[in-house]
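A quick write-up on the structure given underneath.
Read-outs throughout are calculated quantities, based only on the coordinates presented, and are distinct from any laboratory measurement. Just so it is clear, the model here is predicted, and its values are computed rather than measured. Here the Cβ positions follow ideal geometry from the backbone for every residue, glycine too, while neighbour counts run over all protein chains shown.
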Amino acid sequence: MATIGFIGLGNMGGGMAANLVNTGHAVHAFDLSGAALARARDAGCLPAASARAAVADADVVVTMLPAGRHVRAVYEDDVFGAVPAGALLIDCSTIDGATAVAVATLAAERGYRMVDAPVSGGIAAAGAGTLTFMVGGDPAAFAAAEPILSAMGKTVIHAGAAGAGQAAKICNNMLLGATMVATCEAFLLAEKLGLDLATFYAISSKASGQSWSMTTYCPVPGVGPETPADRDYQGGFASALMLKDLKLALEAAQAADASVPMAATAGALYQALANAGDGGRDFSSMIRFLDGRTGD
Ligand code: NAD
């Protein structure tokens with residue numbers, strides 16, 4: 001079993017660190033938030049006084065931080081030089097590919113193995129240990145990371161070289177953002193055309209219009225399996241995080257000269273939803289926004 005330094009114990013990292021503890025690893029944990037650190041201690045992690053202290057004896061470092069600037073700062077200021085030589089570094093945050101490659105390059109220059117390993121699955125999957133990991137890094141680093149990631153997820157896929165995990169993540173979430181907007185539109189039109197929404201769900205979830213956004217994460221309360229729609233769009237995957245991921249996709253598309261008009265439209269809609277005060281609601285609350293209901 002490994003000694004793991006875990007930095008970033010928020011909505012996702014808290015559950016992930018607990019699953020590492022549950023599979024027998026020693027987890028030295030740090031977060032800037034005292035409340036997050038206390039929850040991690042209750043889950044069996046060993047709270048550290050700083051990020052440097054958390055990684056001081058680690059074989060493996062796992063980070064789950066908000067965005068690229070946090071990841072770069074934590075590795076440059078706290079991890080490099082503090083963690084023992086030869087350690088395996090795993091960043092699970094969703095960040096821009098350029099920062100992921102830059103940090104991996106700095107790690108390699110210092111003799112560390114590193115993978116980018118962003119996740120799909122949300123807070124419930126982080127708690128249940130059923131995340132999907134998409135991993136970028138060389139094959140040896142992937143092989144070393146796989147057993148650690150398997151303790152936190154049910155699917156671990158090698159996407160390619162450094163940065164490829166982030167590329168897969170933003171392409172996946174670009175698709176998710178667009179299908180959610182389209183699904184919300186379809187339900188609103190179905191209602192205006194006089195269809196019973198449960199009946200429309202029964203038809204479309206078995207017909208060519210089906211997608212994960214409809215079948216597994218239906219934006220209409222009381223229709224399909226239980227989703228954040230049934231909890232007034234609380235919890236789940238915040239619209240602000242979807243907006244962040246769409247911005248990452250648009251930046252990547254601009255750099256790669258790729259045409260992504262659907263992502264641009266979805267991004268503009270999620271920006272407007274956030275501006276209307278619903279950035280904290282689940283991203284399926286797009287249906288309220290398109291229906292002219294926000295902020296209540
Ligand atoms: P969060 O804001 O709940 O957690 C981030 C944690 O990082 C916070 O507890 C914060 O205090 C801590 N932190 C920030 N800077 C730090 C530093 N310098 N040192 C130590 N701790 C620091 O966010 P989250 O929902 O857990 O998301 C984390 C990442 O996972 C993001 O990149 C997000 O896009 C991605 N993600 C989230 C979900 C989801 O459903 N929430 C799903 C997939 C991917």
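Measuring nothing but how far apart in sequence close Cα pairs (under 8 Å, 6+ apart) lie, relative to its length, segment 167-290 scores a relative contact order of 32 percent.
Relative to the longest principal axis of the Cα atoms of the chain, the long axis of helix 164-192 lies at roughly 20 degrees.
If R₀ is 30 angstrom, what is the calculated FRET efficiency for the pair Gln271 and Ala140, using the beta carbon separation as r and rounding to 0.05? The computed FRET efficiency comes out at 0.15. Taking Cα atoms only, the orientation of helix 97-109 departs from the longest principal axis of the chain by about 10 degrees. One way to sum up the overall shape of segment 83-211 is the equivalent ellipsoid from its Cα gyration tensor, whose semi-axes run 39, 15, 10 Å, largest first. The count of lysine pairs in the chain whose Cα atoms are under 22 Å apart, excluding pairs fewer than 8 places apart on the same chain, comes to 4. Calculated over the chain, the projected area of the Cα convex hull averaged across directions stands at 15.5 nm².
The share of C-alpha pairs in segment 3-161 whose separation exceeds 18 Å stands at 51 percent.
Taking Pro225, Pro118, Pro47 as the candidate residues, the one with maximal mean-square fluctuation in a Gaussian network model of the chain, Cα springs under 10 Å, is Pro225.
Computed over the alpha-carbon pairs of segment 167-290, the distance histogram in 5 Å steps reads 2, 12, 22, 23, 19, 13, 6, 2, 0 percent, short to long. Potential lengthening of the chain between Asp232 and Ile157 amounts to 23.6 nm, from the contour at 0.36 nm per residue minus the alpha-carbon distance.
Here the extension length gained between Leu46 and Thr216 equals 57.6 nm, from 0.36 nm per residue of separation less the Cα-Cα distance. On C-alpha positions alone, give me the angle between the axis of helix 13-22 and the longest principal axis of the chain, in degrees, nearest 10. Its long axis makes an angle of about 60 degrees. About its Cα centre, the chain has a charge dipole of approximately 120 debye under the convention of +1 per Lys or Arg Cβ and -1 per Asp or Glu Cβ, with nothing else charged. Taking every DSSP bridge with both residues inside the chain, close to 15 percent are antiparallel.
In segment 50-131, the convex hull through the Cα atoms has an average projected area of 5.3 nm², a quarter of its surface area. The residues packed around His158, meaning those with a beta-carbon under 11 Å from its beta-carbon, carry a net charge of -2 if Lys and Arg are +1 and Asp and Glu are -1.
For the pair Ala124 and Ala38 in one chain, pulling the backbone fully straight at 0.36 nm per residue adds 29.0 nm over the alpha carbon distance.
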